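Here's the structure we're looking at; comments come further down.
What follows is calculated from the coordinates using simple rules that are stated; it is not laboratory data. Just so it is clear, the structure is predicted and the values come from calculations on it, not from any experiment. With ideal geometry, Cβ positions are generated from the backbone for all residues, glycine too; neighbour counts draw on all protein chains shown.
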Amino acid sequence: MDDAIARYWDKYIAKTVDYGVPENVRKWYVSRVESCIKSFAETRLQLISSDDLSNYLKGIGRKSDCHPSSIPLQ
C-alpha cells in the first residue's frame, strides 16, 4: 500500500477514536468510506464537495438493500 494511503487511513482511524466511535464498528466506517471513495474514483478527495457527498448519501439511502438495521450502533 502506498505510504500516503496508509497515512490517510491511520489519520481516519485516529479521528474515529477521537470522535468516540466504538472499536467494534470502526471497520464498518472504513468500509463505508472505501465505498464512497471508489464511487468518486476519478475525483481527487479534496475536490469532492459537500453537495457531491450529500448526493452520494441520498443515493445510498434509496437503495433497496440499505436498511437502518444494517448500521451497527454499538
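Listing for the model above:
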{"item": "Charge dipole (debye, nearest 20) of the range 3-58; +1 at Cβ of Lys and Arg, -1 at Cβ of Asp and Glu", "result": "100 debye"}
{"item": "Where a label projected 7 Å from the Cα of Glu34 along Cα→Cβ would reach, residues of the range 41-56 with amide N under 16 Å", "result": "41"}
{"item": "Rg over Rh [alpha-carbon atoms, Kirkwood Rh] for the range 3-58", "result": "0.98"}
{"item": "Residue among Trp28, Ser49, Val17 farthest towards the positive dipole end of the range 3-58, charges placed on Cβ", "result": "Trp28"}
